[in-house]
Amino acid sequence: MSEAAITGLVLLFGLLVGILGSVPIAVTIGIVTFLALAILIGPEKAALLAAQRSFSGVNSFALLAIPFFILAGSLMNTGGIARRLVDAALVLVGRMPGALAQTNVVANAMFGSVSGAAVAAAAAVGGTVGPRMRKDGYDPAFVAAVNTASAPSGMLIPPSNTLIVYSLVSSTSVAALFMAGYIPGLLWMAACMIAVGLYAVRHKNIKRQPRLPVGQAVKVLLDAIPSLFMIVVVIGGIIIGWFTATESAAIAVVYCLALGFIYRELKVKDLPGILLDSAKTTAIVMLLIAVSSSMSWVMSYSDIPTLLMNGITSMTDTKWIVLLLITVIMLIVGTFMDPTPAILIFVPIFLPIVQAYDISPIHFGMIITFNLCLGTLTPPVGNVLFVGARIGNQTIEQVTPRLIPFFVALVIALLLVIYIPALSTWLPSITGLL
């Protein structure tokens, strides 16, 4: 049996055992990587090499953007920004069928566009809109499902930590990826809104929202403008070339901090808790990146990417079928692996394959990210599903059936992203980033 086959079996079997045994995914990846290396080069060299590769995986200036954006998201949660975005979303879609549910969808997209974190969006927006929806007669399981399904749009709409990780692995421009994420992210939002609209048509007993007086509606929108202006500051600055993605993340922290104090909802006494929570989240993400980078190196060393490339190309020479096969694989991977390690492990494998078919790395980045966003909604490792269910005071078993219509709509949206490359490449092209 070849080195690639032995390494692949060790990694696959080890991951399955760890996941089924409820071992934390970062610990599982670290252990199976060491075991694979120990078989290949011996335990002493394996320990040294695993440590070196893990350190080099996080030794990147670009990754500094992640803790800054995590901190910005925490400041937004505490500083009253989330509530203002929800109120603005209600003004924009308040007369649509299923208005409060539509508000949840739009607010999650707006929150994601300034925080880039799906879990933070699910917690902040769900905690604000959820009680209103239940009070208006929505089924509690549907309330949790709407919030869960719409929260991952923030992983596509920039600034996105997931796209930063993909940029690091694929050596593509963060600015180009950020611009590419807008249309797929809005497509995610539209798919969720269509699913909500169909639900509202079937359930006639949902209360309609009263129309706000024009003056009050204008006041709500004006109150939300400073929060949304962060998009202009962060993304505009990157496109113009005033600062890098990492520098923009630091500016986002300063902006959210100032805004929280201006709104008088952020207190100095809140800062230690915010910093501690952000540090914990950052530590989890960085550990995942470190061990995943080590596993990715082991797979490359064992020539697993070549083995997979030969297997896929032997089945078909049509690039659209290749993309469909990769999509099916990543949908399965996403059910048991978080987006960050999945990108770090599988992008180095699949990117050379798609580039051989002349597929843009930017387009492929949107496909992979959209795929893995769907994985955050599915058990057994769907982190957004767990947060959405917990915020909605529901069990996973109650929420999952309600997610099926959203999942169907989102898979259709994914197929559009796959087979219409312009959805991903048009904005980077017209802004001169591609």
| message | Cβ contacts < 9 Å: first residue touching a residue at least 24 places away in the same chain (Cβ under 8 Å), restricted to the range 240-258; second residue hydroxyl-bearing (S, T, Y) and buried (at least 19 other Cβ atoms within 10 Å of the Cβ), any location; separation 6+ or different chain. Result? | response | A245/S167; A252/S115; C256/S74; C256/S115; C256/S227
| query | Hey, does the range 417-433 have a residue that's modelled with pLDDT under 85 and at negative phi? | reply | yes
| request: Out of the residues in the range 297-321 that are open to solvent by less than 40 Å² (accessible area, probe 1.4 Å) and in contact (Cβ under 8 Å) with a residue 60 or more places away in the chain, state the one that is farthest from the chain's Cα centre (by Cα). | output: S302
| message | So L385 passes all but one of these: (1) open to solvent by less than 10 Å² (accessible area, probe 1.4 Å); (2) hydrophobic (A, V, I, L, M, F, W, C); (3) over 16 Å from the mean Cα position of the chain (by Cα). Which condition number does it fail? | response | (3)
| request: Looking only at the range 358-368, decide whether some residue is under 26 Å from S54 (Cβ atoms), out of contact with any Cys (no Cβ under 6 Å at 6 or more places or on another chain) and either among the acidic types (D, E) or open to solvent by 50 Å² or more (accessible area, probe 1.4 Å) (or both). | output: no
| query | Before we move on, is P213 at negative phi and either without any contact (Cβ under 8 Å) to a residue 12 or more places away in the chain or of a type in the set (S, T, Y) (or both)? | reply | yes
| Those residues of the range 262-278 which are without any contact (Cβ under 8 Å) to a residue 60 or more places away in the chain, open to solvent by 40 Å² or more (accessible area, probe 1.4 Å) and in a helix (DSSP H, G or I), in sequence order | I262, V268, K269, L271, P272, L276
| For residues in the range 1-52 being charged (D, E, K, R) and within 18 Å of S300 (Cβ to Cβ), which is surrounded by the most Cβ atoms within 10 Å (Cβ to Cβ)? | E3
| request: Residue by residue through the range 334-349, note down the ones that are under 16 Å from G18 (Cβ atoms), open to solvent by less than 10 Å² (accessible area, probe 1.4 Å) and of a type in the set (A, V, I, L, M, F, W, C). | output: M337, A342, I345
| query | Going by the structure shown, is I312 modelled with pLDDT of 85 or more, farther than 27 Å from A38 by Cα and either in a helix (DSSP H, G or I) or of a type in the set (S, T, Y) (or both)? | reply | no
| Which residues, counting only those in the range 65-97, are modelled with pLDDT of 80 or more and among the small types (G, A, S)? | A72, A88, A89
| task | State the number of residues belonging to the range 113-148 that are assigned to a helix (DSSP H, G or I), surrounded by 24 or more Cβ atoms within 10 Å (Cβ to Cβ), in contact with a Gly (Cβ under 8 Å, 6 or more places away or on another chain) and of a type in the set (A, V, I, L, M, F, W, C). | result | 7
| query | Within the range 222-249, can you find the residues that are small (G, A, S) and either in a loop (DSSP other than H, G, I, E, B) or touching a His at 6+ places or on another chain (Cβ under 6 Å) (or both)? | reply | G241
| field | Test: residue in the range 289-296 that is open to solvent by 40 Å² or more (accessible area, probe 1.4 Å), in a helix (DSSP H, G or I) and either in contact with a helix residue (DSSP H, G or I) (Cβ under 9 Å, 6 or more places away or on another chain) or more than 25 Å from A117 (Cβ to Cβ) (or both) | value | no
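The rows are residues; the columns are (1) open to solvent by 10 Å² or more (accessible area, probe 1.4 Å); (2) out of contact with any helix residue (DSSP H, G or I) (no Cβ under 7 Å at 6 or more places or on another chain); (3) under 21 Å from D270 (Cα atoms).
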site: F61; (1), (2), (3): yes, no, no
site: I70; (1), (2), (3): yes, no, yes
site: R95; (1), (2), (3): yes, yes, no
site: N108; (1), (2), (3): no, no, no
site: F111; (1), (2), (3): no, no, yes
site: S150; (1), (2), (3): no, no, no
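Yes/no matrix, rows are residues, columns are (1) hydroxyl-bearing (S, T, Y); (2) in contact with a Phe, Trp or Tyr (Cβ under 7 Å, 6 or more places away or on another chain):
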{"site": "V105", "(1), (2)": "no, no"}
{"site": "A109", "(1), (2)": "no, no"}
{"site": "G126", "(1), (2)": "no, no"}
{"site": "L163", "(1), (2)": "no, yes"}
{"site": "S167", "(1), (2)": "yes, no"}
{"site": "S171", "(1), (2)": "yes, no"}
{"site": "G185", "(1), (2)": "no, no"}
| task | Of the conditions (1) assigned to a helix (DSSP H, G or I); (2) within 28 Å of S296 (Cα to Cα); (3) open to solvent by 10 Å² or more (accessible area, probe 1.4 Å), V165 clears all except one; give me its number. | result | (3)
| message | Could you check the range 217-239 and list, in sequence order, the residues that are without any contact (Cβ under 8 Å) to a residue 40 or more places away in the chain and either open to solvent by 60 Å² or more (accessible area, probe 1.4 Å) or of a type in the set (D, E, K, R) (or both)? | response | V218, K219, L222, I225, F229, V232
| field | Subset of the range 327-364 [touching a Ser or Thr at 6+ places or on another chain (Cβ under 8 Å), polar (S, T, N, Q) and at pLDDT 85 or above] | value | S360
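The values are calculated or read from the model by the stated rules, or taken from the named source; none is laboratory data. All figures in this text were calculated on a predicted structure; none of them were measured in a lab. No Cβ is skipped: glycine too gets one built from the backbone with ideal geometry, and neighbour counts run over all protein chains shown. To get the accessible areas, we keep the full protein, side chains included, count just its heavy atoms, and leave off ligands, DNA and RNA. Shrake-Rupley method; radii C 1.70, N 1.55, O 1.52, S 1.80 Å.
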